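**Q** Here it is, the structure, as structure tokens.
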Amino acid sequence: MICIAIANQKGGVGKTTTAINLATGLAATGLRVLLVDLDPQGNASTGLGVNHADRERSSYDLLVGNCELDEAVVTTRVPKLDLIPATQDLSGAEIELIDYEQRTHRLERVLAEAPVGRWDICLIDCPPSLGLLTVNAMVAAQSLLVPLQCEFFALEGLSQLLQTVERIRSRFNTGLSILGVALTMYDRRNRLTDQVADDVRAVLGDLVFTTVIPRNVRLSEAPSHGVPALIYDFRCSGSEAYMRLARELIARLPRQEVAA
């Protein structure tokens, strides 16, 4: 199973929207997908229509060892897409995990229990911080996908994130790579958007995905209906962009792993 952490310590960059719709887009191509909601806000779970009452077990229970992987997995209404939901209990997990052995490897151990062949790819929706939950995600993942809002302050946050990735590589996960940077909330009417996009591409080059995610009302409306935008309105510009991003992501994965 290929594990990809979707992370950016800056909030409001479209991280959870990317997690939900990218997972749906990958499932639409035929891949069996597991989405891990590691954000205490639980927005990815809500956006996939999983009510709080249905979250008997969560990613928190897995991290602290209260249950097994299979017990926490919830089937979503999207074919081939399963979810490990999040609850507010996660907000206290970083303090609780301090007393645990190998606290930075808790999620890695949990995902290692996944039955061979059950899922092809795992996406981890990280909280908007660089705390212990995000570190767990980066240790468990082979690759990192960074949603980046096309605004000036996003560039400052990106450098901090890249420094964290280097620390994770040197101390915990030497195989961690950056799969790509996805430009989100792209508004062609705004000159600053183009300037930020050009700056990011100048610095990171081919790491930046060709596909950009536009500002789109349908992407904002879909979570209130408990479905991804790709189901809410498959033909809107946001949905079409996420399908292109899913195909582009698949093309960047090692072919032997995709085939497996």
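**Q** List, in order, the whole-Hz ³J(HN,Hα) value for each residue of region 18-31 obtained from phi through the Karplus relation with A = 6.51, B = -1.76, C = 1.60 and θ = phi - 60°; use x for Gly and Pro.
**A** Once θ is set to phi - 60°, the couplings for region 18-31 become 5, 4, 5, 7, 5, 4, 5, x, 5, 5, 5, 7, x, 6 Hz.
**Q** So, one more: What is the sum of charges around Gly180, taking Lys and Arg as +1, Asp and Glu as -1, for the other residues whose C-beta is under 15 Å from the C-beta of Gly180?
**A** Surrounding charge for Gly180 is +3.
**Q** Hey, what's the Cα Rg ratio for region 1-150 versus the globular rule of thumb, 2.2 N^0.38 Å?
**A** With N residues counted in region 1-150, Rg over 2.2 N^0.38 Å equals 0.93.
**Q** Follow-up. Mind grabbing the accessible area of Phe209 for me, 1.4 Å probe, Å², rounded to tens?
**A** Here the residue's solvent-accessible area equals roughly 0 Å².
**Q** Okay, next question. Probe radius 1.4 Å, ligands and nucleic acids left out: which of His52, His225, His105 has the largest accessible area, and how do the rest follow?
**A** His52, His225, His105
**Q** With +1 on the Cβ of every Lys and Arg and -1 on the Cβ of every Asp and Glu, and nothing else charged, how large is the dipole of region 83-126 about its Cα centre, in debye rounded to the nearest 20?
**A** Roughly 160 debye, rounded to the nearest 20.
**Q** Using DSSP to call loops (not H, G, I, E or B), can you name the trypsin sites (Lys or Arg not before Pro) in region 140-244 whose Cβ has at most 14 other Cβ atoms within 10 angstrom?
**A** Arg188, Arg189, Arg235
**Q** Also: When the Karplus curve 6.51 cos²θ - 1.76 cosθ + 1.60 is applied with θ = phi - 60°, which whole-Hz ³J(HN,Hα) does each residue of region 45-61 get, with x for Gly and Pro?
**A** Once θ is set to phi - 60°, the couplings for region 45-61 become 5, 5, x, 9, x, 9, 5, 4, 5, 8, 9, 5, 10, 9, 4, 4, 4 Hz.
**Q** Quote the Stokes-Einstein diffusion coefficient, in whole µm² s⁻¹, for region 108-260, based on the Kirkwood radius over alpha carbon pairs, a temperature of 20 °C and a viscosity of 1.002 mPa s.
**A** 125 µm²/s
**Q** So how many Å³ per residue does the convex hull of the Cα atoms of region 60-121 work out to?
**A** Dividing the Cα hull volume of region 60-121 by its residues yields 92 Å³.
**Q** Oh, and also: Add -39500 (n - 2.57) for each DSSP H run of 4 or more in the chain, then divide by its residues: what number comes out at 222 nm, to the nearest 500 deg cm²/dmol?
**A** So the calculated ellipticity at 222 nm is -12000 deg cm²/dmol.
**Q** Relative to the compact-globule scaling 2.2 N^0.38 Å, provide the ratio for the alpha-carbon radius of gyration of the chain.
**A** Its radius of gyration relative to the 2.2 N^0.38 Å reference: 0.94.
**Q** Roughly speaking, to the nearest percent, how much of the chain's 1.4 Å accessible area is carbon and sulfur?
**A** 47 percent
**Q** Also, quick follow-up: Name the residue from Leu48, Leu107, Gln88 whose Cα lies farthest towards the positive end of the charge dipole of region 46-115, charges +1 on Cβ of Lys and Arg and -1 on Cβ of Asp and Glu.
**A** Leu48
**Q** Add +1 for every Lys or Arg and -1 for every Asp or Glu among the other residues with Cβ under 14 Å from the Cβ of Asp39, and state the total.
**A** Neighbour charge sum, excluding Asp39 itself: -1.
**Q** Sticking with this one: Provide the per-residue ³J(HN,Hα) series for region 136-142, in order, calculated from phi with Karplus coefficients 6.51, -1.76, 1.60 and θ = phi - 60°, each as a whole number of Hz, with x at glycine and proline positions.
**A** 4, 5, 5, 6, 6, 8, 8
**Q** Among Leu192, Leu144, Leu35, which one shows the biggest mean-square fluctuation in a GNM of the chain, springs joining Cα atoms closer than 10 Å?
**A** Sorting by GNM fluctuation, first place goes to Leu192.
**Q** Going by amide H atoms built from the backbone, whose H comes under 5 Å of the H on Ile178, apart from near neighbours?
**A** So Ile178 has HN proximity to Leu144.
The values are calculated or read from the model by the stated rules, or taken from the named source; none is laboratory data. Fair warning: this is a prediction, and the values are worked out from it, not measured in the lab. No Cβ is skipped: glycine too gets one built from the backbone with ideal geometry, and neighbour counts run over all protein chains shown. Heads up: the accessible areas ignore ligands, DNA and RNA and are worked out on the full protein's heavy atoms, side chains in. Shrake-Rupley method; radii C 1.70, N 1.55, O 1.52, S 1.80 Å.
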